[in-house]
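**Q** Pasting a structure below so you can have a look.
Bear in mind that the values in this text are calculations on the coordinates, not laboratory data. Keep in mind the model is a prediction, meaning the values are calculated, not measured. Positions of Cβ are backbone-derived with ideal geometry, glycine not excepted, and every protein chain shown enters the neighbour counts.
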């Protein structure tokens with residue numbers, strides 16, 4: 001690999017390209033939300049599900065959630081999502097790394113009070129979990145809408161950072177008899193665990209293997225074996 | 001499913017069990033570090049690699065890294081790691097959820113200046129990326145040790161939170177003709193991309209499929225296709 005190739009590959013770079021940012025947010029199933037604790041006890045970071053609609057990132061949960069109460073109070077917030085793409089195995093220990101795509105967004109969140117927007121946001125969460133799912137299930141009742149706090153964060157101050165490509169070793173190390181390369185990693189799906197075995201597996205689940213987030217990656221074993229309790 | 005079963009399953013729960021916390025930290029490839037920006041501009045959260053040794057969480061990177069400079073300055077910090085285990089597909093949109101295991105740790109990080117501890121920490125990072133890898137590669141030089149800032153965070157204030165098991169639907173929804181279940185998700189590994197095709201694939205890479213983090217989960221296509229540039 002020449003020095004020129006290496007430069008062309010830009011193994012680590014930042015991006016303010018909106019399509020890059022949007023694609024990372026849409027592929028990630030969870031985000032990490034950081035805020036200053038209301039009691040002045042320092043920063044807190046909490047994982048939570050998110051959904052995107054246009055340039056807005058939605059967060060949601062129980063009205064009693066400390067994170068939502070604090071973040072919805074007009075304080076500065078920072079949200080990060082990270083996707084892992086590979087283990088970067090260099091000839092030297094020093095140059096080991098990870099391939100990843102991440103987004104960091106700064107802003108202040110506002111509570112969504114309009115019921116139509118709130119309903120659309122809840123549909124977006126279900127669709128974010130699994131495309132096509134929202135149309136298959138019982139829609140939110142008025143009581144459920146009330147029992148959900150939804151926050152909206154404007155994504156105008158967001159940027160992406162990613163590392164891609166092979167390890168970048170020192171020139172002096174290139175002739176070492178040490179194997180180097182990338183071991184790709186990605187999220188895949190395991191065999192579905194039905195609660196309702198008498199009902200046909202719906203389109204959303206059957207198409208999950210074609211979802212770009214899991215494109216074709218099926219596993220026989222899941223990380224957490226879940227027994228069918230139906 | 002009876003109400004009693006449901007309660008036994010404890011779908012969402014917190015834990016202060018150290019073995020649970022340690023296992024989640026070890027399985028996760030990245031953590032998210034939250035801190036208050038030094039300029040008073042609010043909270044920042046940044047994804048980064050981590051490694052654990054006993055009750056210490058190590059962070060590392062270039063000495064110029066803003067995150068490491070700030071976090072190493074004795075400020076309050078919060079670190080979260082999150083593993084995804086499944087898409088929880090309920091009969092109602094409202095009860096859709098994710099199965100996950102997460103750890104949140106609070107504390108103040110100190111810079112590791114002792115060279116022996118620093119060297120051990122760097123080995124731990126490579127081992128965290130891939131078990132058995134540290135012994136296969138060129139070890140860090142004195143210059144590389146100097147060019148790496150390592151922070152240590154005591155894990156005495158850490159807790160785990162997780163959701164596991166099937167969707168929890170309202171009793172009134174159990175007879176709806178809506179399929180419900182869990183679609184397990186997990187990180188798997190793709191076909192290795194060698195930079196050094198003339199060298200044999202080493203033990204660390206060959207054993208990766210047996211690593212509990214990827215246990216047996218191999219897929220043919222990676223999320224980010226990486227060309228072999230060797």
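**Q** Those residues that are at the interface with chain B (Cβ under 10 Å from one of its Cβ atoms) and within 27 Å of residue A:214 (Cα to Cα), I need them from region A:136-162; list them, please. Walk me through it before giving the result.
**A** To start, the set of residues in region A:136-162 that are at the interface with chain B (Cβ under 10 Å from one of its Cβ atoms) comprises A:136-141, A:143-145, A:147-148, A:161-162.
Correct list: A:136, A:137, A:138, A:139, A:161, A:162.
**Q** If you don't mind, there's one more thing I want to ask. Across region A:115-145, which residue is surrounded by the most Cβ atoms within 10 Å (Cβ to Cβ) among those that are out of contact with any helix residue (DSSP H, G or I) (no Cβ under 9 Å at 6 or more places or on another chain) and more than 22 Å from residue B:177 (Cα to Cα)?
**A** Among them, the one singled out is A:121.
**Q** While we're looking at this one, here's another question. I'd like to verify a number: residues in region B:48-65 that are over 14 Å from the mean Cα position of the chain (by Cα) and farther than 15 Å from residue B:126 by Cβ, how many? Let's see the steps before the verdict.
**A** First, the residues of region B:48-65 that are over 14 Å from the mean Cα position of the chain (by Cα): B:53-56, B:60-65.
Cutting the leftovers down to farther than 15 Å from residue B:126 by Cβ gives us B:54-56, B:62-65.
Result for region B:48-65: 7.
**Q** Enumerate the strands (runs of 3 or more DSSP E) found wholly within region A:127-230, keeping only those where 3 or more residues are in contact (Cβ under 8 Å) with a residue 12 or more places away in the chain and farther than 30 Å from residue B:134 by Cβ.
**A** On the way: elements: A:149-154, A:158-163, A:181-189.
Filter on region A:127-230 gives A:149-154, A:158-163.
**Q** Can you confirm whether region A:84-91 contains a residue that is closer than 28 Å to residue A:204 by Cβ, out of contact with any helix residue (DSSP H, G or I) (no Cβ under 9 Å at 6 or more places or on another chain) and part of a strand (DSSP E or B)? Even if it seems obvious, please write down each step before you answer.
**A** Keep residues of region A:84-91 that are closer than 28 Å to residue A:204 by Cβ, which gives A:84-85.
Add one more test, that the residue is out of contact with any helix residue (DSSP H, G or I) (no Cβ under 9 Å at 6 or more places or on another chain), and what stays is A:84-85.
Checking which are part of a strand (DSSP E or B) leaves us with A:84-85.
Yes, there is a match, as at least one residue in region A:84-91 is closer than 28 Å to residue A:204 by Cβ, out of contact with any helix residue (DSSP H, G or I) (no Cβ under 9 Å at 6 or more places or on another chain) and part of a strand (DSSP E or B).
**Q** In addition: State all residues of region B:57-75 that are surrounded by 19 or more Cβ atoms within 10 Å (Cβ to Cβ) and under 16 Å from residue B:157 (Cα atoms); if no residue qualifies, say none.
**A** Passing the criteria: B:57, B:58.
**Q** Out of all the residues in region A:187-199, which are within 7 Å of chain B (Cβ to nearest Cβ) and either surrounded by 23 or more Cβ atoms within 10 Å (Cβ to Cβ) or farther than 18 Å from residue B:218 by Cβ (or both)?
**A** A:188, A:189, A:190, A:192, A:193, A:194, A:195, A:196, A:199
**Q** Still on this model: Among what's in region B:38-56 and is away from chain A (no Cβ under 13 Å) and in a loop (DSSP other than H, G, I, E, B), pick the residue that is surrounded by the most Cβ atoms within 10 Å (Cβ to Cβ).
**A** Pass one, region B:38-56, residues away from chain A (no Cβ under 13 Å): B:52-56.
Going one step further and asking which of them are in a loop (DSSP other than H, G, I, E, B), we end up with B:54-55.
Details: B:54: 8, B:55: 13.
Only one residue tops the list, namely B:55.
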